[in-house]
Every structure is written in C-alpha cells, then in structure tokens.
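A short worksheet on the structure shown next.
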Ligand code: ADQ
C-alpha cells in the first residue's frame, strides 16, 4: 500500500495538474497496478469538513482512497511548510525558505490526520510505502499507533548537504520521525551520502558498510533506488504520436528548423531562466544558426500562487520577450514559451521530434523528462540529450551532453555541439543511454525497493521512541 501527498487516478486526461500526474504518479501507478495495491493521499479538493473518499477501484487494477484538506491545512501544510520550507531546503536553496512555526504545526497535524484515516484501511500483512517530503513524519505517526508492518520511505527530491538540511529549525525532529521507517530510499548515491553524513554528524548516529544505520535509538536501512520509466511503452507512445496535430503545428511554427526543447514544471529548481540565457548566448555566438533552429519551452503551471513561482514566471516572460525582441525576423521566431502542460501522449511525440532536449535543472532528484526523451527517440536518427550535472539522471545517463547550467557560455557551446553532432555520435550516445534505461526501468525500481523493504523490516518491529 502506498501513501503520498497526491493520489492519481488511472487515466488523467491532461498533465496540467502536475501534482497528480507528475513523475511520482506515473511510477507509483505502475507499481500499484502490478500488485493490486491501495493508494492513499489527498484528493486535491479543499473542504471545511474533510471527507474520506473510497476506497474505489481504478481501471488500472488498483484502489484509491483519498481525503480532502481544509483550506487552512492546505495553506499551512502544503503551500507553507512542504513547498516553502522543505522544498527549497531539499534543493539546496535554504535562502528561499519561508519558515513559520504555525506551518510546521499544520504539517505535523496533516501527517497525523492522514495516518488516522489510513489506519482502518490497513491489513496486518500490508507493506506500507510512504512517498516524498510531504510525509516525513508519517512513519513515526504509524508506529505511535502500534503499527508493526514493514514501512518504507522514498524521497523523490535530492537530499542536501547535512548543514544545509540543518537550516530547517525542525531538522532533528523530522529525521527522528523519518527513521521510524525500516528502509529509506534515495534517488542517487550522492543523496545517500549526504543523508549518511547527516546521520553521523548531526544526529550522532552510526552508519555501517552494509547500509544499516542507527540514530535516535532506531535501527533502519537506507539505500539508492533510481526512479525510472517504462522505456518500451514510452517509445511506442512516442512513435504513435509523432504526427499528432500538436507536432505538425510545432514543426510549422519552428520553420522546420532544428527544435531545441525544454519540458518542465514551472519551478525555480528547473533552471529555466539560465537555459534561456544560454540560448541567447548561442544566438549571439552563432549567427549562422539563427534561422535554422528554434527553442520551445513548455512549462506547466505549478504552485502558481507562491511568491517565488510568481517571480520566476515574470522573469521568464521578461527574458523570452527580450530574446524574441532582439532576434525575431518577420518569418522566424527564435523562442516560444508555452506556459501550459500537454497530455502525456502528445508530449511523447513532441519529445521524439526534438533535435535536442535541454534538461538543465539547478537541482533535481532524478528528472524523468531526460529519460522520457531518450526513450522517445527514433533509433535511426536519435536526437541529443543535454543534461545538467545537477540532475540525478546525470549519474546514470553519462553519455548525454553534461553541462553546468550556471555556466551560460559552456551551455551555449554545448548546444552548438549538439546541433552539429554527427549521426554516428548521436547514435552511439543514444545507444549507451538506452542500454541504461532498459536495464534500470521503473519495474526494477519498485521491485528492488519492495524486496529491500522485505529484507529490512524487522519482524518484531520496534516500538516508537519517546
Ligand atoms: P518533477 O519535479 O515533477 O518530479 P520530473 O521527474 O521531470 O519532475 O517529472 C515530471 C513528469 O511530468 C514527467 O513525466 C514529465 O513528462 C511530466 N511533465 C513535466 N512538465 C510537463 C509539461 N510542461 N507538460 C506535460 N508534462 C510535463 C519529482 C522530482 C524529480 C523526480 C520525480 C520522480 O522533482 O526529481 O524525478 O519526482 O521521482
């Protein structure tokens, strides 16, 4: 059984609502369909008298049960503590943290409410898999209610350097809560190392070579499980949607030149202004490329009422307006910035037609768009993946063009390199990346987590501390 902030229905029509149809949703849906599991979390609805909906069967063969949030809890727990305190800190941007003790109180309270609603739905032999930073205290709350089932936790974001995490006033209480899980999963080896450092130096705990850890009087394990996609299924979807209306319009709009493509949630961690500035640099440095390419950035709205997100939207409008003002011709527009999500099937086709995907986050747990781009390519004539060294995916897809997104000159040079790369080199790089994806697909991700959780769970689970 899975618990996460948002629950996704089996067949979302659009990816407009990134909370319900982002990377986490796609991967978790795959795991639950295969195990006929139950998925519990927020319904996406606000209500003054939060109701429990379900459990209800989904076409994919799994059940969902959801609860509403009160507007006050949504403000304090979701917008407030999760997205304005935890999210920036986990992405190594503690200076963007807005902290306030009332929001932490709401965060703890929603974790308690979730667990209270979930408890009657649990069976003694259920494995419980908690997802992401919204629910760091959930394992502790479950144990406090006497639950002895195996509990696993997976963090979809990066884990920052130990002293950056310590910028959160409640960092100790959060980790003390988290280690009530039997197994804690991270996206990359560097996230795991950062967490181990925290356990050693901030929590005064111990870490052994085989992944066992001890802290706050609890014994637990932590390991690396890089999240992924189903590359074969995505490739098929991409092939089927390569001639969609959307693709045809996009091709017309780019003057049939080479398409450089960015696809992201509109988030300050995704490095969108930096990538536009690098593209501006490319336009300055390589005038000969000007009419032979176009950059399209598709950025779906996300957390759009929070001040940092309002600010980044304005900044992107300003930069894209300037670039188009400087370089547009009557019959050529260098950059198109589309501030909307698109359905997953359409997206697959668009990724296939792009000559280069520009995936350049400043920090990212994994970044599934990078993996989707690779899977979507035509093996005969694959495009080029440009990937930030700060995306978790760069630790696996090292045959991509790896860049430091803060270095605009280097990024511009690499864009040029990608656009002029020989077919032979494109194929070589793509084959290497595809081999990684085929070996580490989403099925391997969840199966290896579930297996490791079964191993880690102590049959006589420890009672809660404190
Ligand atoms: P996200 O930050 O949402 O996920 P990502 O991994 O790229 O980032 O997943 C986004 C998903 O939504 C992808 O499947 C993508 O195709 C889709 N998507 C994104 N922008 C879109 C758009 N404009 N239109 C349509 N679809 C769009 C979090 C973490 C990541 C981690 C995932 C999974 O921040 O680091 O990889 O969870 O663990």
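The values are calculated or read from the model by the stated rules, or taken from the named source; none is laboratory data. Because the structure is a prediction, the values reported are computed rather than measured. For neighbour counting, all protein chains shown are included, and Cβ atoms are generated from backbone atoms with ideal geometry for every residue, glycine included.
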Give just the number: which of (1) more than 14 Å from the ligand (Cβ to nearest atom); (2) in a helix (DSSP H, G or I); (3) in contact (Cβ under 8 Å) with a residue 12 or more places away in the chain does residue 259 not satisfy?
(2)
For the stretch 362-376, state whether one or more residues are within 15 Å of the ligand (Cβ to nearest atom), assigned to a helix (DSSP H, G or I) and surrounded by fewer than 22 Cβ atoms within 10 Å (Cβ to Cβ).
no
Quick check on residue 291: is it exposed (fewer than 13 other Cβ atoms within 10 Å of the Cβ), in a helix (DSSP H, G or I) and either touching a residue at least 12 places away in the same chain (Cβ under 8 Å) or more than 16 Å from the ligand (Cβ to nearest atom) (or both)?
no
Just checking, which of 134, 123 is closer than 30 Å to residue 266 by Cβ and either outside any loop (DSSP other than H, G, I, E, B) or without any contact (Cβ under 8 Å) to a residue 60 or more places away in the chain (or both)?
134
Return yes or no: is residue 282 in contact (Cβ under 8 Å) with a residue 60 or more places away in the chain, crowded, with 19+ Cβ neighbours inside 10 Å and within 16 Å of the ligand (Cβ to nearest atom)?
no
Here are the criteria: (1) modelled with pLDDT under 95; (2) away from the ligand (no atom under 12 Å from the Cβ). Tell me which single one residue 6 does not satisfy.
(2)
Would a scan of the stretch 149-171 turn up a residue that is surrounded by fewer than 22 Cβ atoms within 10 Å (Cβ to Cβ), touching a strand residue (DSSP E or B) at 6+ places or on another chain (Cβ under 9 Å), at positive phi and part of a loop (DSSP other than H, G, I, E, B)?
no
Quick one: residue 329 ticks every box in (1) out of contact with any strand residue (DSSP E or B) (no Cβ under 8 Å at 6 or more places or on another chain); (2) within 13 Å of the ligand (Cβ to nearest atom); (3) modelled with pLDDT under 95 except a single one, so which number is it?
(2)
List pairs: first residue in the stretch 198-219 and in the same structural domain as residue 165 (by the TED database), second residue at pLDDT below 95 anywhere in the structure, Cβ distance under 6 angstrom, at least six positions apart or on different chains.
217/465
Is it the case that residue 326 is out of contact with any helix residue (DSSP H, G or I) (no Cβ under 6 Å at 6 or more places or on another chain) and farther than 24 Å from residue 379 by Cβ?
yes
Kindly provide the set of residues from the stretch 61-94 that are surrounded by fewer than 17 Cβ atoms within 10 Å (Cβ to Cβ) and modelled with pLDDT under 95, ordered by number.
61
Going through the stretch 262-274 in order, the residues found to be in contact with a helix residue (DSSP H, G or I) (Cβ under 7 Å, 6 or more places away or on another chain), crowded, with 24+ Cβ neighbours inside 10 Å and part of a helix (DSSP H, G or I) are 272
Please verify whether the stretch 342-358 includes one or more residues that are part of a loop (DSSP other than H, G, I, E, B), farther than 15 Å from residue 298 by Cα and in contact with a helix residue (DSSP H, G or I) (Cβ under 6 Å, 6 or more places away or on another chain).
no
May I ask you to verify whether residue 88 is within 16 Å of the ligand (Cβ to nearest atom) and either out of contact with any strand residue (DSSP E or B) (no Cβ under 8 Å at 6 or more places or on another chain) or not assigned by the TED database to the domain that holds residue 54 (or both)?
yes
